[in-house]
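The values are calculated or read from the model by the stated rules, or taken from the named source; none is laboratory data. All of these numbers come straight from a predicted model, not from anything done at the bench. When we count neighbours, we look across all protein chains shown, and the Cβ atoms used for this are built from the backbone with ideal geometry, even at glycine.
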Amino acid sequence: METIERLLDWAANKGVIINGIGPTPLPGRGIGIVATRDLNPDEDILTVPVKILRTLHNTPKPIRQNLKDSTVHAILATSLCLETDPDFATWKAVFPTEHDINTLMPLNWPSELQKLLPLTAKSLLAKQRAKVDTDWALVSTAYPSISKHHFLYAWHLVNSRTFYHVTKTTEKLPKADHMVLQPVADLFNHSPNGCRVAFDDTFFTITTTTPVKRGDELFIRYGSHSNDFLLVEYGFTLPGSLNPWDEICLDDYLCPLFTKKQRMELEEIGFWGKYMLDSDTACYRTQTALRMLCCTYTQWRDVLDGVRDEDTDQEVVNEALVEVLERFDKDARRRLEELDGCAVGNADMRSALRDRWLQIQEMVAATIARLQ
Ligand SMILES: C[S@@+](CC[C@H](N)C(=O)[O-])C[C@H]1O[C@@H](n2cnc3c(N)ncnc32)[C@H](O)[C@@H]1O
């Protein structure tokens, strides 16, 4: 708690205005922000001067020059690794530890556990690994004294704590490079119903959108992310019922059902793969692919050409979907059994993975029940 108090004093001295809120440790969520009094909608609860953000432009010039071909992500991470200013120590003191990050982020898990991730999480992880590898190749050449594990820690901090910010000077950069670190605001956890976040040239402002009772946690919305995305990029998932953007990929269970010729046909119309299910429905791509499995070629083509009503075949399409979901359910059970008998990594890593498979199983079971 002392570190939090020191951060708040430090922030106040730098012009941060904190109104009716305070950071506090919360079980399973690191530090979060709670209301210290009842709050009304439209109250500005945090105002952070833009001049105290850590951005590309206030990163020491030698780092920017040495990494001129790197991403802003790599530059900010490198500057965290090299930072020795005692002033920054006050901010850094509330960051999750390297051990926390190693446990939370699947990229740092043992490969045996990574292999047990669901398909979408695995492909997100592969993309993340490619980004880290590209960044690390440039940083390790420019700064051989930085160790890979230290860089990875800083890279994840930047990945999970930066805000989108754009000014006249940065607007020409690619969107992914509009990232800045900001103190205190980086302690808000994520919820789909978060507070409003806005910025202009002088301030970042976080504002309530609903009444909030004293003691309740306040959130911001990191984006419309599925739980696979949240797990890989932020190291947590939300209970399925609390995440309206959760979805799961059916490719592993649906794609093997097509002949080579059918696959070619689907590829030709741009409908091969990325078959997604959310808590309401299977996507249009999935419906189209399933219809190919249970209708004649002519019927299937006619629906595509708009001369046959797609509802005509809905019952058989639903039956085919249930079969696919039953295969998915079987696989989810197998993964959960594997996890039960697995001692790799630590209990928190295994529990995060287990939670994800349980959410998947829940969505699959609810869809099967609805369709039957
Ligand atoms: C911007 S930080 C938020 C503050 C963070 N809890 C801390 O202790 O510094 C983002 C990280 O907080 C955690 N987090 C955010 N929202 C969460 C949630 N709803 N449930 C669990 N953890 C969450 C994740 O570890 C994520 O990577």
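State which residue is nearest to the ligand (Cβ to nearest atom) when the search covers only the stretch 115-160 and only residues that are closer than 30 Å to Ala332 by Cα and outside any helix (DSSP H, G or I).
Of the residues in the stretch 115-160, the ones closer than 30 Å to Ala332 by Cα are 115-132, 156, 159-160.
With the extra rule that they be outside any helix (DSSP H, G or I), the set shrinks to 115-118.
Working: Lys115: 23, Leu116: 20, Leu117: 17, Pro118: 19 Å.
The extreme case among them is Leu117.
When you scan the stretch 51-72, do you find a residue that is in a strand (DSSP E or B) and within 16 Å of the ligand (Cβ to nearest atom), even just one? Scanning the stretch 51-72, I find at least one residue that is in a strand (DSSP E or B) and within 16 Å of the ligand (Cβ to nearest atom), so the answer is yes.
The set of residues from the stretch 333-349 being under 22 Å from the mean Cα position of the chain (by Cα) and surrounded by fewer than 16 Cβ atoms within 10 Å (Cβ to Cβ) comprises Asn346, Ala347, Asp348. Selection over the stretch 224-241 of residues that are away from the ligand (no atom under 13 Å from the Cβ) and under 8 Å from the mean Cα position of the chain (by Cα) gives a count of 2.
Here are some residues: Asp69, Asp38, Asp9. Which one is under 30 Å from Thr141 (Cα atoms) and charged (D, E, K, R)? Please lay out each step first, then the result.
Working: Asp38 fails: under 30 Å from Thr141 (Cα atoms); Asp9 fails: under 30 Å from Thr141 (Cα atoms).
Step by step, each of Asp69, Asp38, Asp9 is checked, and only Asp69 is under 30 Å from Thr141 (Cα atoms) and charged (D, E, K, R).
Filtered by the rule that a residue be assigned to a helix (DSSP H, G or I) and either among the hydroxyl-bearing types (Ser, Thr, Tyr) or modelled with pLDDT under 95 (or both), the stretch 340-355 gives Asp340, Ser351. Inside the stretch 208-223, residues that are out of contact with any His (no Cβ under 9 Å at 6 or more places or on another chain) and more than 10 Å from the ligand (Cβ to nearest atom) make up a count of 10. The residue that is surrounded by the most Cβ atoms within 10 Å (Cβ to Cβ), among those in the stretch 142-200 that are touching a residue at least 24 places away in the same chain (Cβ under 8 Å) and small (Gly, Ala, Ser), is Ala154.
So for the stretch 177-185 (the condition being over 18 Å from the mean Cα position of the chain (by Cα) and either outside the structural domain of Trp109 (by the TED database) or β-branched (Val, Ile, Thr) (or both)), does at least one residue qualify?
Yes, the stretch 177-185 contains at least one residue that is over 18 Å from the mean Cα position of the chain (by Cα) and either outside the structural domain of Trp109 (by the TED database) or β-branched (Val, Ile, Thr) (or both).
The single condition among (1) among the basic types (Lys, Arg); (2) within 15 Å of Phe188 (Cβ to Cβ); (3) away from the ligand (no atom under 16 Å from the Cβ) that Arg29 does not meet is (3).
The single condition from (1) more than 25 Å from Ala332 (Cα to Cα); (2) in contact with a helix residue (DSSP H, G or I) (Cβ under 8 Å, 6 or more places away or on another chain); (3) within 16 Å of the ligand (Cβ to nearest atom) that Thr202 fails is (3).
For the stretch 274-301, the candidate set comprises residues that are surrounded by fewer than 17 Cβ atoms within 10 Å (Cβ to Cβ) and in a helix (DSSP H, G or I); within that set, the residue that is farthest from the chain's Cα centre (by Cα) is Thr298. Here is the figure for the stretch 41-91: residues that are among the polar types (S, T, N, Q) and closer than 19 Å to Val166 by Cα total 6. For the stretch 195-207, a residue qualifies if it is hydrophobic (A, V, I, L, M, F, W, C) and out of contact with any His (no Cβ under 8 Å at 6 or more places or on another chain), and the qualifying residues are Cys195, Val197, Ala198, Phe203, Ile206. Close contacts from the stretch 8-27, counting a first residue that is farther than 15 Å from Thr205 by Cα and not assigned by the TED database to the domain that holds Thr207 and a second that is at pLDDT 95 or above and surrounded by 13 or more Cβ atoms within 10 Å (Cβ to Cβ), with Cβ to Cβ under 7 Å and a gap of 6+ residues or different chains, come to none at all.
Quick check on Thr259: is it among the polar types (S, T, N, Q) and exposed (fewer than 14 other Cβ atoms within 10 Å of the Cβ)? Walk me through how you get there before you give the answer.
Values: among the polar types (S, T, N, Q): yes; exposed (fewer than 14 other Cβ atoms within 10 Å of the Cβ): yes.
Spelling it out, Thr259 is indeed among the polar types (S, T, N, Q) and exposed (fewer than 14 other Cβ atoms within 10 Å of the Cβ).
Residue count for the stretch 302-322, restricted to those that are under 18 Å from Arg263 (Cα atoms) and outside any helix (DSSP H, G or I): 0.
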